Amino acid sequence: INMSINKKSLNTLEKICGEKLTLSSLILSIRKGEEITQVSFAKKLGVSRQYLCDIEHNRRSVSPKMAEKFAKILGYSQEQFVRLCLQDLMAKEGIDMIVNVTAA
């Protein structure tokens, strides 16, 4: 199953969250939605619980390669995860642009 988030779904998620969707908030939402502990989810992703906690609380960034890996493991759109990753990295640098990612 390849789960993609379209613009309408993205807008709905952002309204529910009350903020702009980030990769961190998406990962946290997926984990909570699946009712999985941080320890179990971290094992599933192949990272430490502390690293996952730092990602979920926006204390650590995820590389585009890691975002792609997480998407594959979780069965979500790789393009969406990488787009959110790049969007987050740009926002941390104070760059306010929309990132579009297309598969080659």
Checklist entry - Given a 1.4 Å probe and the protein chains all in place, what does the accessible area of K69 round to, in Å² to the nearest 10? => result 80
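Taking every eigenvalue of the Cα gyration tensor of region 31-104, multiplying by 5 and rooting it, what semi-axes result, largest first, whole Å? Don't skip to the answer; put the middle values down first.
Working: eigenvalues 99, 47, 18 Å².
Calculated on Cα positions only, the semi-axes equal 22, 15, 10 Å.
The values are calculated or read from the model by the stated rules, or taken from the named source; none is laboratory data. Small disclaimer: the values here were computed from a predicted structure and weren't measured. These accessible areas exclude ligands, DNA and RNA; they are computed on the full protein's heavy atoms, side chains included. Shrake-Rupley method; radii C 1.70, N 1.55, O 1.52, S 1.80 Å.
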